[in-house]
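Colleague: Here it is: the structure, laid out below.
The values are calculated or read from the model by the stated rules, or taken from the named source; none is laboratory data. This is a predicted model, so every value here is computed, not measured. Every residue, glycine as well, gets a Cβ built from its backbone with ideal geometry; the counts of neighbours run over all protein chains shown.
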Amino acid sequence: MEKLTGKKKVAVFISGRGSNLKSIVKYSKKKNSIFKVILVISNNPDAYGLKYAAKLKIKNYGVKFKSRTNFENRSLQFLEKYEIDMICLAGFMKILSEKFIKKFAKPILNIHPSLLPKYKGLNTHERALKNKDKFAGATIHHVTQKLDSGKIILQKKVKILKSDGVIDLRKKVLKIEHEIYPKAIIKILSSL
Ligand code: GRF
């Protein structure tokens, strides 16, 4: 087992591209960082984020979602093996059960591309534009069994311009996501 001299061990769960994973890893490589990403798990074995993790020699596993129980049990084995202190869901498109959350018994964070409690679930930017909102944004929150409903840790807004379409908004919000996720991780880890 890797010796990390006091660094907290973070696992990131992804389903696809992994740009948030990248920003978290980048941040963790800063001098004096209090955490290290040592495990990446994806329900999608073809996720680009897994390839990125492999390139950086971070332990990574594609765990097919044969059933929720199967996925969760296999993931828990890895989480125990690598003595993980925190899970960060980053573009992870599955819902974790209450049983899993209880068994892991350590913080699980999620990023959501809206100003929660507004627009839980999918198509957040489409809904913000349709409602002619003045602001969009991103939220990091604790994971509970209820989708996108756990306690908010950090949130940042961005102005919606009249000229903004879904793609513009997605781009703007993603930039904010990359900014606030590492900050939220530090905030929670330093309070443990
Ligand atoms: C992000 O917009 C995140 O908020 C949402 O899914 C997207 C994942 O992007 N849940 P990436 O895989 O981190 O690039």
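Colleague: Which residues, taken from the stretch 87-109, are away from the ligand (no atom under 14 Å from the Cβ) and closer than 9 Å to Phe13 by Cα?
Modeller: Ile87
Colleague: Report whether or not Ile185 is not assigned by TED's automatic domain parsing to the domain that holds Asn43 and not in a loop (DSSP other than H, G, I, E, B).
Modeller: When the stated conditions are applied, Ile185 passes them.
Colleague: So, Lys157, is that one more than 17 Å from Arg127 (Cβ to Cβ), surrounded by fewer than 19 Cβ atoms within 10 Å (Cβ to Cβ) and among the charged types (D, E, K, R) or not?
Modeller: Numbers: more than 17 Å from Arg127 (Cβ to Cβ): no; surrounded by fewer than 19 Cβ atoms within 10 Å (Cβ to Cβ): yes; among the charged types (D, E, K, R): yes.
Here the answer is no, as Lys157 does not meet what is asked.
Colleague: Looking only at residues in the stretch 181-192 that are under 11 Å from the mean Cα position of the chain (by Cα) and either over 15 Å from Asn110 (Cβ atoms) or of a type outside the set (Gly, Ala, Ser) (or both), which one is surrounded by the most Cβ atoms within 10 Å (Cβ to Cβ)?
Modeller: Applying the filter and picking the extreme gives Ile185.
Colleague: Scan the stretch 1-52 for residues that are within 11 Å of the ligand (Cβ to nearest atom) and part of a loop (DSSP other than H, G, I, E, B) and jot them down.
Modeller: Across the stretch 1-52, the qualifying residues are Ser15, Gly16, Arg17, Gly18, Asn44, Ala47.
Colleague: Assess whether Asn123 counts as being modelled with pLDDT of 95 or more, closer than 23 Å to Tyr48 by Cα, outside the structural domain of Ala53 (by TED's automatic domain parsing) and among the polar types (S, T, N, Q). I'd like the intermediate steps shown before the answer.
Modeller: Working: modelled with pLDDT of 95 or more: yes; closer than 23 Å to Tyr48 by Cα: yes; outside the structural domain of Ala53 (by TED's automatic domain parsing): yes; among the polar types (S, T, N, Q): yes.
Taking the combined requirement at face value, the residue satisfies it.
Colleague: Here is a list of conditions, (1) of a type outside the set (Phe, Trp, Tyr); (2) in a loop (DSSP other than H, G, I, E, B); (3) over 20 Å from Ala47 (Cβ atoms), and Ile95 meets all of them except one; can you say which number that is?
Modeller: (3)
Colleague: In the stretch 146-165, what residues are more than 13 Å from the ligand (Cβ to nearest atom) and not in a strand (DSSP E or B)?
Modeller: Lys146, Ser149, Gly150, Lys151, Ile160, Leu161, Lys162, Ser163, Asp164, Gly165
Colleague: Here is a further query. List the number of the failed condition for Ser97; all other conditions in (1) without any contact (Cβ under 8 Å) to a residue 24 or more places away in the chain; (2) under 28 Å from Asn70 (Cβ atoms); (3) of a type outside the set (Asp, Glu) hold.
Modeller: That leaves (1) as the condition not met.
Colleague: Same structure, new question: Which of the numbered conditions does Ile84 fail, given that it passes all the others? Conditions: (1) in contact with a helix residue (DSSP H, G or I) (Cβ under 9 Å, 6 or more places away or on another chain); (2) within 16 Å of the ligand (Cβ to nearest atom); (3) assigned to a loop (DSSP other than H, G, I, E, B).
Modeller: The one condition Ile84 does not meet is (2).
Colleague: Cβ contacts < 7 Å: first residue free of Cβ contacts under 8 Å to residues at least 40 places away in the same chain and farther than 11 Å from Gly91 by Cβ, restricted to the stretch 10-27; second residue in a strand (DSSP E or B) and not basic (Lys, Arg), any location; separation 6+ or different chain. Result?
Modeller: Filtered contacts from the stretch 10-27: Val25/Val37.
Colleague: Next question. With respect to the numbered conditions (1) over 20 Å from Val12 (Cα atoms); (2) more than 11 Å from the ligand (Cβ to nearest atom), which one is the sole condition not fulfilled by Val143?
Modeller: Every listed condition holds for Val143 apart from (1).
Colleague: Which condition breaks for Gln77 when tested against (1) of a type in the set (S, T, N, Q); (2) surrounded by fewer than 18 Cβ atoms within 10 Å (Cβ to Cβ); (3) within 15 Å of the chain's Cα centre (by Cα); (4) closer than 20 Å to Val63 by Cβ?
Modeller: (3)
Colleague: Restricting to the stretch 80-117, name every residue that is among the β-branched types (Val, Ile, Thr) and either surrounded by fewer than 16 Cβ atoms within 10 Å (Cβ to Cβ) or touching a Pro at 6+ places or on another chain (Cβ under 8 Å) (or both).
Modeller: Selection gives Ile87, Ile95.
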